[in-house]
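The values are calculated or read from the model by the stated rules, or taken from the named source; none is laboratory data. As the structure is a computational prediction, the values presented were derived from the model and not from experiment. No Cβ is skipped: glycine too gets one built from the backbone with ideal geometry, and neighbour counts run over all protein chains shown.
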Amino acid sequence: MRIEDILNVRGVFPALQAAGKKKLLQQLAGHAAQLTGLDERLIFDTLTRRERFGSTGLGMGVAIPHGRFAGLDKVTGLFARLSKPVDYEAPDHQPVDIVFLLLVPEGAGADHLKALARVSRLLRDKELVKKLRATRERDALYSLLIAAPASSRAA
């Protein structure tokens with residue numbers, strides 16, 4: 001699965017500001033609703049319900065919130081670089097400043113797992129994450145994300 005199959009440049013937010021995890025998820029839900037046509041409240045509720053099972057923070061300042069949605073026809077992603085890290089209850093207790101939101105169709109099955117695996121591999125690449133943190137422009141962030149090889153591994 002290629003990143004450009006799930007993310008377009010309109011889904012990249014280079015300096016998102018949020019006062020905490022809940023506010024971050026609210027903002028992401030609002031942006032996702034605009035891109036997908038899904039109800040913003042439904043997105044927010046689905047994301048927060050998923051977080052109750054365990055934080056989607058991976059560690060190293062990275063999180064991949066995700067959820068399944070009826071009425072969605074394809075896996076859709078949003079990428080946000082936060083202007084200030086927020087406490088995300090990540091397993092390493094580090095605040096999060098890199099977020100990749102994944103919305104998947106309810107019956108996506110293997111596509112859900114493929115998308116999560118692809119984004120997880122991508123954001124475990126320490127050099128790429130370092131470049132993402134240093135980049136302030138939407139187009140440049142998008143280019144970095146789609147140019148990363150599918151086999152990106154943690155450095």
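Among the residues of segment 100-110, those that are surrounded by fewer than 16 Cβ atoms within 10 Å (Cβ to Cβ) and modelled with pLDDT under 85 comprise G107, G109, A110. For segment 16-33, a tally of residues being of a type outside the set (K, R) and over 14 Å from the mean Cα position of the chain (by Cα) returns 5.
When residues in segment 18-31 are screened for being out of contact with any Leu (no Cβ under 6 Å at 6 or more places or on another chain), buried (at least 19 other Cβ atoms within 10 Å of the Cβ) and among the hydrophobic types (A, V, I, L, M, F, W, C), 2 of them pass. No other residue among G77, G71 is outside any helix (DSSP H, G or I), within 15 Å of the chain's Cα centre (by Cα) and touching a residue at least 12 places away in the same chain (Cβ under 8 Å) apart from G77. Filtering segment 51-68 to residues that are surrounded by 22 or more Cβ atoms within 10 Å (Cβ to Cβ) and in a strand (DSSP E or B) leaves G57, V62, A63, G67. Scanning segment 38-48 for residues that are without any contact (Cβ under 8 Å) to a residue 12 or more places away in the chain and either in contact with a strand residue (DSSP E or B) (Cβ under 7 Å, 6 or more places away or on another chain) or not in a helix (DSSP H, G or I) (or both) turns up just one, D39. Please work out if D139 is under 19 Å from N8 (Cα atoms) and acidic (D, E). It is true that D139 is under 19 Å from N8 (Cα atoms) and acidic (D, E). Selection of segment 37-50 for residues being buried (at least 19 other Cβ atoms within 10 Å of the Cβ) and under 18 Å from N8 (Cβ atoms) yields L38, I43. For segment 81-90, check the following and say yes or no: at least one residue is in a helix (DSSP H, G or I), aromatic (F, W, Y) and either surrounded by 15 or more Cβ atoms within 10 Å (Cβ to Cβ) or out of contact with any strand residue (DSSP E or B) (no Cβ under 7 Å at 6 or more places or on another chain) (or both). So far as segment 81-90 goes, no, none of its residues is in a helix (DSSP H, G or I), aromatic (F, W, Y) and either surrounded by 15 or more Cβ atoms within 10 Å (Cβ to Cβ) or out of contact with any strand residue (DSSP E or B) (no Cβ under 7 Å at 6 or more places or on another chain) (or both).
Here A115 fits the description: more than 15 Å from L24 (Cβ to Cβ), buried (at least 21 other Cβ atoms within 10 Å of the Cβ) and either in contact (Cβ under 8 Å) with a residue 40 or more places away in the chain or not basic (K, R) (or both).
The residue list F53, F44, F13 contains one member that is aromatic (F, W, Y), out of contact with any helix residue (DSSP H, G or I) (no Cβ under 6 Å at 6 or more places or on another chain) and farther than 25 Å from K126 by Cα, which is F53.
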